[in-house]
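Enquirer: Following this message is one structure expressed as structure tokens.
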Amino acid sequence: MSTRITDSQNSKSKKRLEPRKKPVQGRSKASVEAILMAAAQVFEAHGYAAGTTNRIAERAGVSVGTLYQYFPSKEAIVVALLEEHLLETTRKLHEWVGHMVSLRHGLRDALTDYVQGIMDVHETRPRLQHILLEEAPLPPRLHDLLMAADAEAVRTMGGLLRLYPEFGRADPESAAYLVIHTVESLTHGFAAHPDERLLDSARFVEELVSMLEAYLSCSPGSTATRL
């Protein structure tokens, strides 16, 4: 996603991607929530290009002027939605780690729960997820937030992987990085392009878990290449 980072030197573009002000009062918070919910519905129904601020304001039941009090552009709204998505995936990861530590599932069951959890996030609103992850411009601040969340996720999962006796890799954090990005990329693509699926959802999860389990259980250099 780094290819979509907005030039930090372009102050005009940067301002278009940031909210104008943070809602404080209950009524203001309700207005912002209504705008974000309406924006998600408009983008899903009309796509990013046709998802105008007029359509978003109309769907939210507010004036365009009210919308602009909080967001200077539709790009800023998309950035806010992407922040919500990031918080949701981070919450899913921590929730999963907590469950796995308390339930003491084996590695395969743990991976199945993780893959299914991320799949659920992407399949909830796949068209919206595609717009957020593939089309929305990113300000440097959000890029930094994504990088920090990624580093935290790697540390968290790496610590969990150490607890499994089946885990055979030498570097838990490197393995965690590959698992997180493999699951995120493949589940996003699977949910965003239903017409291109070669597997149903259950088979997709099973095959992805098998691939990850084989990788995590295998010590580096322990298998010979077979022709």
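Enquirer: Please name all residue pairs, on different chains or six or more residues apart, with Cβ atoms under 7 Å, provided the first residue is in the stretch 113-131 and is at pLDDT below 80 and the second residue is not in a helix (DSSP H, G or I).
Expert: Going by the 7 Å Cβ cut-off, the qualifying pairs are Ile131/Tyr48.
Enquirer: Still on this structure, please answer the following. What are the residues in the stretch 160-178 that are surrounded by 14 or more Cβ atoms within 10 Å (Cβ to Cβ) and free of Cβ contacts under 8 Å to residues at least 40 places away in the same chain, if any?
Expert: Pro172, Glu173, Ala176, Tyr177, Leu178
Enquirer: Let me ask another. State the number of residues belonging to the stretch 100-154 that are of a type outside the set (D, E, K, R) and touching a Ser or Thr at 6+ places or on another chain (Cβ under 8 Å).
Expert: Counting residues in the stretch 100-154 that are of a type outside the set (D, E, K, R) and touching a Ser or Thr at 6+ places or on another chain (Cβ under 8 Å) gives 13.
Enquirer: Looking only at the stretch 184-220, which residues are more than 21 Å from the chain's Cα centre (by Cα) and either under 19 Å from Leu161 (Cα atoms) or hydrophobic (A, V, I, L, M, F, W, C) (or both)?
Expert: Leu198, Leu199, Ser210, Met211, Glu213, Ala214, Tyr215, Leu216, Ser217, Cys218, Ser219, Pro220
Enquirer: Given the criteria out of contact with any Pro (no Cβ under 7 Å at 6 or more places or on another chain), in the same structural domain as Leu87 (by TED's automatic domain parsing), surrounded by 15 or more Cβ atoms within 10 Å (Cβ to Cβ) and aliphatic (A, V, I, L, M), does Leu128 qualify?
Expert: So Leu128 passes the test.
Enquirer: Among the residues of the stretch 131-157, write down those that are closer than 17 Å to Val115 by Cα and crowded, with 19+ Cβ neighbours inside 10 Å.
Expert: Ala153, Val154, Met157
Enquirer: Test Val42 against the criterion of being under 30 Å from Gly117 (Cβ atoms), outside the structural domain of Val121 (by TED's automatic domain parsing) and either part of a helix (DSSP H, G or I) or of a type in the set (D, E, K, R) (or both), and give yes or no.
Expert: yes
Enquirer: Among the candidates Ala148, Ala153, Ala176, single out the residue that is touching a Gly at 6+ places or on another chain (Cβ under 6 Å) and assigned to a helix (DSSP H, G or I).
Expert: Step by step, each of Ala148, Ala153, Ala176 is checked, and only Ala176 is touching a Gly at 6+ places or on another chain (Cβ under 6 Å) and assigned to a helix (DSSP H, G or I).
The values are calculated or read from the model by the stated rules, or taken from the named source; none is laboratory data. Remember, it's a predicted structure, so these values are computed and weren't measured experimentally. Every residue, glycine among them, receives a Cβ derived from its backbone with ideal geometry; neighbour counts consider all protein chains shown.
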